[in-house]
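Engineer: Questions regarding the structure given below will be posed in turn.
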Amino acid sequence: MTPLNVLAVVSEIFPLIKTGGLADVAGALPIALAAEGAAVRSVVPGYPAVLGALDGGVTVARLDDLFGGEARVVAAKAAGLDLFVIDAPHLFARDADPYRGPDGREWPDNAFRFAALSRVAVLLAQGLIAEYRPDVVHAHDWQAGLVPAYLYYAGAIDPPTVMTVHNLAFQGYFPADLLSRLGLPAAAYSIDGVEYYGEIGYLKAGLHFADRITTVSPTYAAEIRTPSGGMGMDGLLRARADVLSGILNGIDTSVWDPAHDKHLAAPFDADRLPERVANKVALQTLFGIDRDPAKPLFCVISRLAAQKGIDLLLEALPTLLRGGAQLVVLGSGDALLEAGLRSSAAANPGSVGVRLGYDEGLAHLMQGGSDALLMPSRFEPCGLTQLCAMRYGTLPIVAHVGGLCDTVIDANEMAMAAGVGTGFHFSPVAREMLQAAILRALAVWRRSDLWLRLQRNAMRTEVGWRGPAARYAALYRELVPHRVD
Ligand code: ADP
Ligand code: GLC
């Protein structure tokens, strides 16, 4: 069977550049899809971190003017991924975050930076390089949202496109007067085009023109069709419900493998759970909290954003502390949340530890040494940290929203009797309900036989990419039926 050629279009890719779960998905899905007979090449911006990580590389095309400057397309491999990297120094040769400058504000030319990503993808899709023609183009999030629109206005019906929404909160709006500079015709500025409430909406464009829309969990696929979950896009998504589906994310189980994890003080597996205690003590030491394995240890590993409900956690903290538990937090983001966490740590030196920043290795140790992971998200398209937690025997305490509903089985009495619980849910997303879930988890924690059973259930859960990759492959094949051989 000849492999299906898929061109993925994405603004970040693990391990080269990452701000969130999007990068994890972009980095792991191509490798899992190879086993499903799909050959994925990913077109990505040539940020310094990406260009610096390439294993060789060949210039396969030169563009005289890509939104204001010269550019090269470099075909290269890195970390087992096949890439087309857009080397366009006027757009991407900037250190720091892919989306924001050092002052924390979005780069002022983001409209052109990500139009360039889509433009190059569409050129590749239409034969920029003689020897490469994708069967399907897979665009991720607003940064790639113009792909289906550019193809449409170029009059192309091929290749078909898939638009995946990783987070509907980020939609990519830009001033309407940029239309012609973006290479879009005047007719595109309409409700049946790229226009969205008086601006140009990149994600809106993608959702309108893509052949298929996916998001990263079945529950989020349903939530975004409702006024409360649709963030203004619910009307469009209801209209396109026949092509919208949810495919759950996985995690890379070789990166997240507690038995062979070099970041752990003591690697372990489901049959060696007592060994986790060495990781717990290492964590308590690192965070400077009381070194006491007998205290239940909760953790948070998260962007500090309103989405993640960290404010609720601060409100529920006294309940957690009264229950004799400790909390360690790793994250960065919102200044108010950072300040709130810092002062909680200062007020509770033996029980609360906070690290503000991004630290991949520490995230692994926290998963390997904590007892429970808190995710009080207001909405969560899928969430990956709870999957990592389950694999490491850290029980997730999650808001009953989006992908958290679809991945964690609440250990209620019936689930316990049936032997299937893997964590704790709460709903609605409110302080009192979070407090109740924390108390419920603490009660189970005190019954170490029950807790151990839940840990084993969680660790046995299939959280890898095999199932999801097969679903993406089936979706691609639906779009190119003539390729089914
Ligand atoms: P989102 O993409 O909304 O931020 P996900 O749960 O899908 O949430 O993915 C977050 C990813 O980023 C996970 O791999 C998680 O371990 C990681 N992560 C988040 N914050 C940090 C941090 N401060 N340090 C290290 N890893 C982090
Ligand atoms: C987004 C979502 C998160 C999801 C990730 C990868 O950042 O917030 O829930 O897991 O994308 O799809």
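Engineer: How big is the dipole moment of the stretch 443-485 about its Cα centre under a simple scheme where the beta carbon of each Lys and Arg is +1, that of each Asp and Glu is -1, and everything else is neutral? Debye, nearest 20, please.
Structural biologist: The dipole magnitude comes to about 280 debye.
Engineer: Still on this structure: Rank PRO349, PRO48, LEU442 by how far each Cα sits towards the positive end of the charge dipole of the chain (+1 on Lys, Arg Cβ; -1 on Asp, Glu Cβ) and give me just the farthest.
Structural biologist: LEU442
Engineer: OK, next. Set the Förster distance to 35 Å, then compute FRET efficiency between LEU450 and TYR173 from the Cβ-Cβ distance, nearest 0.05.
Structural biologist: 0.10
Engineer: Using only the alpha carbon atoms of the stretch 387-455, find the Kirkwood hydrodynamic radius as the inverse mean reciprocal pair distance, in angstroms to one decimal.
Structural biologist: Taking every pair of different Cα atoms in the stretch 387-455, averaging 1/r and inverting gives 12.0 Å.
Engineer: I've got another one for you. If eta is 0.692 mPa s and T is 37 °C, what Stokes-Einstein diffusion coefficient results for the stretch 336-465, Kirkwood Rh from Cα pairs, in µm²/s?
Structural biologist: 214 µm²/s
Engineer: Run through the DSSP bridge list for the chain and note the antiparallel percent, rounded to the nearest 5.
Structural biologist: Of all bridge pairs located within the chain, approximately 30 percent are antiparallel.
Engineer: Starting with the highest mean, order 95-104, 114-123, 448-457 by the number of other Cβ atoms within 10 Å, averaged over the residues of each peptide.
Structural biologist: Ranked from most to least packed, the peptides come out as 114-123, 448-457, 95-104.
Engineer: Where in the stretch 38-70 is the amide nitrogen less than 20 Å from a point lying 7 Å along the Cα-to-Cβ axis of ALA96?
Structural biologist: Output list for this probe position: 45-52.
Engineer: So, one more: Please give the Cα centre distance for the stretch 404-474 versus the stretch 205-268, rounded to the nearest Å.
Structural biologist: Going from one Cα centre to the other spans 19 Å.
Engineer: Taking LYS295 as the anchor, which lysines have their alpha carbon closer than 19 Å to its alpha carbon, excluding any fewer than eight residues away along the same chain?
Structural biologist: LYS280
Engineer: Which stretch or stretches of the stretch 388-429 have amide N atoms under 15 Å from the point lying 7 Å from HIS263's Cα along the Cα→Cβ direction?
Structural biologist: 388-394
Engineer: Turning to a different aspect of this structure: How large is the dipole of the stretch 171-226 about the Cα centre if only Lys and Arg carry +1 and Asp and Glu carry -1, each at its Cβ, rounded to the nearest 20 debye?
Structural biologist: 120 debye
Engineer: With a 10 Å radius around each residue's Cβ, average the other Cβ atoms per peptide and rank 13-22, 232-241, highest first.
Structural biologist: 13-22, 232-241
Engineer: I've got another one for you. Which net charge results when you count Lys and Arg as +1 and Asp and Glu as -1 among the other residues whose beta-carbon is under 12 Å from that of LEU33?
Structural biologist: Residues near LEU33 contribute +2 overall.
Engineer: Considering only the stretch 159-280, what is the antiparallel percent among its DSSP beta bridges, to the nearest 5?
Structural biologist: Here the share of antiparallel DSSP bridges comes out near 40 percent.
Engineer: Separate question: Would you calculate, for the chain, the mean residue ellipticity at 222 nm contributed by helices, counting each DSSP H stretch of 4 or more residues as -39,500 (n - 2.57) and dividing by all residues, to the nearest 500?
Structural biologist: -10500 deg cm²/dmol
Engineer: While we're here: Using the crude model of +1 on Lys and Arg Cβ and -1 on Asp and Glu Cβ, and no other charge, please compute the dipole size for the chain relative to its Cα centre, in debye to 20.
Structural biologist: Here the size comes out at about 900 debye.
Engineer: Could you please report the charge total around PRO45, scoring K, R as +1 and D, E as -1 over all other residues with beta-carbon less than 11 angstrom from its beta-carbon?
Structural biologist: 0
Engineer: Among DSSP beta bridges lying fully in the stretch 99-203, give the percent that are antiparallel, nearest 5.
Structural biologist: That works out to approximately 60 percent antiparallel.
Engineer: Along its principal axes, what span do the Cα atoms of the stretch 1-129 show, with the longest given first and each in whole Å?
Structural biologist: In descending order, the Cα extents are 49, 32, 25 Å.
Engineer: Where a ≥ b ≥ c are the square roots of the eigenvalues of the C-alpha gyration tensor, would you call the chain rounded, which needs a/c under 1.5, or, failing that, prolate if a/b is larger than b/c, or oblate?
Structural biologist: Here the chain falls in the prolate category.
Engineer: Calculate the length of the line joining the C-alpha centroid of the stretch 61-106 to that of the stretch 148-173, in whole Å.
Structural biologist: 20 Å
Engineer: Let me ask something else about it. In a shell of Cβ-Cβ distance under 10 Å around GLY324, excluding GLY324 itself, what net charge do Lys and Arg (+1) and Asp and Glu (-1) give?
Structural biologist: Summing Lys/Arg as +1 and Asp/Glu as -1 gives +2.
Engineer: Further question on the same structure: Over 25 Å between Cα atoms, which of LYS18/LYS262; LYS18/LYS308; LYS77/LYS308 qualify?
Structural biologist: Among LYS18/LYS262; LYS18/LYS308; LYS77/LYS308, the Cα-Cα distance tops 25 Å for LYS77/LYS308.
Engineer: Given 0.36 nm per residue, what is the gain on full extension from ILE31 to ARG272 after removing their alpha carbon distance, in nm?
Structural biologist: 83.8 nm
Engineer: While we're looking at this one, here's another question. Just name one of LEU237, TYR189, ILE224: the one whose Cα is farthest towards the positive end of the charge dipole of the stretch 166-273 (beta-carbon charges, Lys/Arg +1, Asp/Glu -1).
Structural biologist: The listed residue farthest towards the positive side: TYR189.
Engineer: How compact and how long is the stretch 436-485, expressed as Rg and Dmax of its alpha-carbon atoms in Å?
Structural biologist: Expressed in Å, the Cα Rg and Dmax of the stretch 436-485 come to 20.1, 58.
Engineer: Rank-order 180-187, 376-383, 28-35, 408-415 by packing density, defined as the average count of other C-beta atoms within 10 Å over each peptide's residues, highest first.
Structural biologist: Result, highest mean first: 376-383, 28-35, 408-415, 180-187.
Engineer: Thinking of the stretch 146-208 as a set of Cα atoms, what percent of all their pairs are more than 13 Å apart?
Structural biologist: Cα-Cα pairs in the stretch 146-208 separated by more than 13 Å: 59 percent.
Any read-out appearing in this document is the output of simple, stated calculations on the displayed coordinates, not a laboratory observation. This one's a predicted model, so the numbers in the text were calculated from it and none came from an experiment. Neighbour counts run over all protein chains shown; Cβ positions are idealised from the backbone, glycine included.
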